[in-house]
Structure formats: C-alpha cells, structure tokens
Amino acid sequence: MLEVNFPITAVTKIGPKYKSLLENIGISTIEDLLYHFPFRYDDLSQIKLVKDLVEEDRVTVKGVLGPVDNIYTKYRKRLTKGKLLDHTGDIDLIWFNQQYLKKSLSTGKNYKISGKVSTFNNKLCFISPEIELDSGNTINTGRLVPVYPETAGISSKWLRGKIKFILDSQTNLSEFLPEEIIDEFNFQDINEALNEMHFPDSIQEAENTGERFAFEELFIELLNVEKRKYEWSKKLKSKKYKSFEKEVKDFIQKLPFKLTGSQKTALGDIISDLKKENPMNRLLEGDVGTGKTVLAIIASYISHLNGFKVLYMAPTEILANQHLKTFEKFLKGTNIKVELRTGSVKENGDWSILIGTHALLFNKEKYKNIGLVVIDEQHRFGVEQRGKIVDLIEDKKVPHLLTMTATPIPRTLALTLYGDLSISILDEFPFEQRKITTKVIPEKMRKETYEIIKQKNEPTFIVCPLIEESESSSLENVKAAQVEFENLKNGVFKDLPIGLLHGRMKSTEKEEVVKKFRKGEIKILVSTPVIEVGIDIPDATIIVIESAERYGLASLHQLRGRVGRGQKEGLCFTFMSNNSRDSYKRLKALENINEGIKLAEIDLEMRGQGDVFGTEQHGFKKLKVADLHNLEMLENAKVYAQKYFPKLEEYPKLLGRLIQRKGYYIGAN
Ligand code: ADP
Ligand code: MG
C-alpha cells in the first residue's frame, strides 16, 4: 500500500532515472505527483462510428483491432500499420517509428483509438493515434484527457498512467482543510477532488474542483504570510531608536527642497516604526522620481544619531555608485562616513553607512551594530533577505528593514500577499510630473521613427529583450540587443555614436558605457532591460522599446521612466514583435495612462499576476492553480488564514500540511 509521503520511487517502474527527471519538475513524493495538475484537457470524449468519420475530426473510435504489421518503406521509414473495425466499417491506423507497438497490441481485442482523422493515399486514417485497450475506464482515449506540464523524458501519457495508478491504489490523502471551510465553499473531499482534477467528466467539473485547489494554495501561502508577520513583528526585538526630533527637523530644513506631503507621511510612518520594540518591516512604494532615496537618507541619519550603522543595498553596482554620490551630497556637513563596497573593495569597518549590492548580506565577517537595512528596488520582497538579516542579530536584536520599490503593486495584492509588510506609498511627485509621450508604433513606421531619432539627435535608449539571437530561436522577431546593436551600428545609425549595455558585461565595462552615455559620447544606447532598475541619466529623452508586448505594462512604465528626467520632454516609442490585436490594445493603455499603479491594475485584470511583475517572482512563489485575478477568493483565503493562524495547534492536520509543504517558511526563532 502506498502512502502519500512515500518517495516517488515507491511506485512500480519508477527508478532512479525517472526520479531525477521528476525532480526537475519539483516532484519527489507521491503527493507531489498527485498535486502535479494538468494545465489543460484535450477533449477526446466524442465517440464516433467509423462510417461517420470525416477528415479533421478529433474523436475516439471503438472497435476490434485487426492485424498489425511493421513495414519498411523504400525511404527506409519504419511504419506500423493496423486497422480498427466496428460494425460500420474499418479505418487504417498508421504509426511512425513505433515498432514496439506490434508486440504490445493484440489483434482481435477491443480498443479505443483517439486522435485526428487524416488522409493517406486518398483514404481516411488515423496517424499516430492514441490506442488503449477498451477496458471501460480509459485514460488516454475516449474522454477529457489531461495534459500536464512536461519535462524532457516525462510525457503527459506517462504521467497519466502513473497518476491513475496511484489514484486507483487507494492512496488516500487525509483532509487537512478545516471542516468549516469545506462547508462554507462546498468543497469536495480531497481524494474525490484529486480524482476529478486529473480525470474529470466535464470541463465544468474540472473547473469546480480547481476552485478547491486554488483556495488551498492561497490559503497555505497566506498562512505563511501570517507566520512571517508573527515571527517578525511579535517575536523579534529591535534596536529601539530615539527620535532626535530637533536634529531631524534641522536636517530636513537644510535640504535643498521641501518634502512632499506623501514623503512627510511616509517619513512619519518610518520614524514611528523605528521607535517601536519590534523591528520595522516597511515597504516604501513609489513611482520613479517620487523621492524615496531622500527618505532612506533621513532614516540613515536618524540611525547615525542613535549610534547605529546602516547597510544600503542597491540592485546593481552602477546604482550603488550613484547612491554613494547622492548620500555624500545630502550628508555633506555631517561627520557621517559613507562607504561603497562592491565586490573588489575591501571594507575596514570605519563607516556609518555602507552602500553596496545584495552581496552585502553575504559578507563573511559579521557586521557590528547595524540598526537599519535598506533594500532599494527590491524585486523579491525580502523573504530570503529577511532570513539573512536575522543573521545580523546581536543581543537578540534585529535591525530595522526598509524596502523600497518603484514596482507598482496593486493595493489588493500588496495587502494580501505581502500582508507581513507595512506599506507606505509615495503618490506625489516633487516636481510637476515629467512629461513622457508614448506611442505604440506599427512596424511599417519604423523607418520614420528612426528618422525622428536622427533628427532629434538626443540621448536615446533602445531596449531589446534578449542578449543573443540564439536565446530567442523560438521567438521570431524578438530583437536581441547584441544583434540589434550590430545592425543599427552598420545601418541607420552608422553616423551616430552608438553603444551596447547588457547584464552579462563586466561591471567596469558597464560603468564605462554608462559614463560615456552620460557625457554624450554615446548618443544611442542599445540595451537589455538592465536599465530598468534606476539608472539616472537626466538628459536621456528618447526610449525605444522592442518587443514591448513581452512586458507587463507596469514594467514598461518603469522602463519609460528612464527618459524625460531632465528639462526636456521624454519620448517613448514601443514596437511589437507580433501582430496580436490584444497586445496592441493593451499597449495602447500606455499612451493615456501615466500612473504605474493603474497600469499594474490593468495588468492584473488582463493578464494575471505573472505579468504584473514581469518574469521575476517577487518573493511570492509562482502559483500552480490559483489565479490572482480572483480577488474574491484571495480575500476569502486571507480572512481564513488570519482566523486559523492563531489556533493552528488545534488543527494538527493543517499544521502538518504546512510543515510538510515545500516552501513553508521556517524562519527566525
Ligand atoms: P526615486 O528613488 O523615488 O525614484 P529619487 O529619490 O531618486 O527618486 O528622487 C528623484 C529626484 O528628486 C532626486 O534628484 C531627488 O533629490 C529629488 N527630490 C526628492 N524629493 C524631492 C522634493 N520633495 N522636492 C524636490 N526634489 C526632490
Ligand atoms: Mg531610487
């Protein structure tokens, strides 16, 4: 008898080879396999008589199998030919390179055949159909057939067989959802639901059952959120700050500008967090240019006044460099020592603020006396980093954490998925908002667009999604930065200084290119989206985005935020690499909407969570079943997670499930 937590090798005919293949898709136990759900179902449920078949039908035929022969054609093709007969006639069956079939099939027995009806030598036939003994309960033919996420060496057919075997062997999962939830949503028993998920009788049935697993997934994730929230804010103690009101006020007064209203509010939030017993865990969310950095600088200053050090992490070395300058500028006249640390620089400990990349967290020497950690432009909201930050603990005290992002996260998502974070939003711009005109350009207008760029002769970004063509072999027309650079350099822009910037260049090379671009020695910079993360080149005015349909609107919004930062109005031209009307319509929103959050909400509505954040996963692991469009379910899952988290001990099965699921965050103690 199989148990759900047995390793997958407990299933007959799954040995070391399949074990390692399955591990590639995250499957190591029997339960994992049961939770490997189909992403669609092929409808092969329609059963027809031979006499009614017409070309292009995708159907199932029941009948008796005639003789099966292996044939070698004159072109040395290996064919296996057979016939299926019912009382209305017979139809040819042809397979290529599947000699072994002859041995495994039995002439004279009843079979089901599923596939597409084709013609061969002017006769109807099935080419490479599925064939299965007609034992009543078939899994590959004559029904809705599940199609699974596959990996090399693991086909949907193989998965079907194994999953069916497990389901039939009465490997029962025990119900772990509380009864109240099952009743409230009218969910089925878990084992029944698993059966229906893999082998449903109708699409409707699959969809209904899917609800249960979607809920389950969100519920478990949100219980995790509750756990993190609890551990971070209830169990951990912080380095408690004094507010130094007068000094801070003086500092703010000396700034070359007045803080905006939302900067003031956010600063108030931050200061009140710093004074608390428990460490701050705040996300500062604000569009590019809303002035997040200065708040981080003020918080760093307060840390210094309290005698604590600060770690400031930028996403790239280029940005770390930029921030060093900004910090030095704002902190001039204080005795605060700011130091930059990139891979090569050695740190001697004689600093108050240490600026670097995320590598700072992986330092071998132990930092002393860190009061505040700032993570700028964070893409994964700190789940991992937080674990690391807890390592900075001294005397059982944890540094405060301020995370900053320009990624507009719709409020509903932020509050739910990152429910363990407090959030401050900067929704005001210090200046009159920068003006960026965006146009979605049809391919046939490309030449004219290049003409405009030439005439303007201003710093221009050309953003391509990939570096080398080879990465994109399956994606036609996707411009690769490297190739596009060569083309433009030797083509339309041969008379302009042109440069290339991408993530795989050495950081010194990157800096060199950025420097030249800033100085105007490079006029056109072809790049991958590495520029997204906040390079400040005030004079850049034009940005061309290739294959724009591949990005979420929010990401595009961030990309175009690279231009028009100086005096001149910005121009953003987007091109598409396909002709999809939907993509076009979606991109058109960029022409009229200028708020990142609104664009993110459109993304959420139109394409679901994945695209709100581009390809990164932002600390929230990719959902298998649930779809974040379904805000109602998300809300429900949150309500129940908050209800059950404090009394998990009373629900040992649920608790067991949480602990056993991979990715359950077992954090700081
Ligand atoms: P973000 O990191 O949010 O994109 P920055 O912190 O880089 O934005 O700020 C953008 C620019 O605006 C910087 O030059 C900064 O000095 C300036 N700035 C910040 N706050 C204000 C303000 N209240 N008034 C005027 N300028 C400001
Ligand atoms: Mg910034």
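Quick one: would you say P430 is modelled with pLDDT under 90, within 16 Å of ligand 2 (Cβ to nearest atom) and surrounded by fewer than 17 Cβ atoms within 10 Å (Cβ to Cβ)? So P430 passes the test. The set of residues from segment 175-194 being assigned to a helix (DSSP H, G or I) and out of contact with any Ser or Thr (no Cβ under 9 Å at 6 or more places or on another chain) comprises E179, E180, I181, I182, D183, E184, F185. Within segment 236-251, the set of residues being over 17 Å from N306 (Cβ atoms) and modelled with pLDDT of 95 or more is empty. Against the test of being hydrophobic (A, V, I, L, M, F, W, C) and outside the structural domain of V398 (by TED's automatic domain parsing), the options L283, L311, L267 yield a single qualifying residue, L283.
Which of the following residues is assigned by TED's automatic domain parsing to the domain that holds I91 and not acidic (D, E): K17, K51? That would be K51, the only listed residue that is assigned by TED's automatic domain parsing to the domain that holds I91 and not acidic (D, E). The single condition among (1) in contact with a His (Cβ under 6 Å, 6 or more places away or on another chain); (2) within 13 Å of ligand 1 (Cβ to nearest atom); (3) farther than 23 Å from L559 by Cβ that A314 does not meet is (3). Summed over segment 410-465, residues that are more than 30 Å from L500 (Cβ to Cβ), in a loop (DSSP other than H, G, I, E, B) and more than 15 Å from ligand 1 (Cβ to nearest atom) total 5. Does T293 count as out of contact with any Phe, Trp or Tyr (no Cβ under 8 Å at 6 or more places or on another chain), within 12 Å of ligand 2 (Cβ to nearest atom), free of Cβ contacts under 8 Å to residues at least 40 places away in the same chain and within 30 Å of K516 (Cα to Cα)? Against the criterion (out of contact with any Phe, Trp or Tyr (no Cβ under 8 Å at 6 or more places or on another chain), within 12 Å of ligand 2 (Cβ to nearest atom), free of Cβ contacts under 8 Å to residues at least 40 places away in the same chain and within 30 Å of K516 (Cα to Cα)), T293 does not qualify. Filtered by the rule that a residue be loosely packed, with under 11 Cβ neighbours inside 10 Å and more than 48 Å from the chain's Cα centre (by Cα), segment 72-108 gives Y72, T73, K74, H87, G108. Take the residues in segment 265-290 that are surrounded by fewer than 19 Cβ atoms within 10 Å (Cβ to Cβ) and of a type outside the set (K, R); name whichever of them is farthest from ligand 1 (Cβ to nearest atom). Once the filter is applied, the top-ranked residue is E277. Scanning segment 305-334 for residues that are polar (S, T, N, Q) and over 24 Å from K366 (Cα atoms) returns Q322, T326, T334.
The values are calculated or read from the model by the stated rules, or taken from the named source; none is laboratory data. Since the model is a prediction, treat every value here as computed from it, not as a measurement. Quick reminder, even Gly has a Cβ in these numbers, built from the backbone with ideal geometry, and neighbours come from all protein chains shown.
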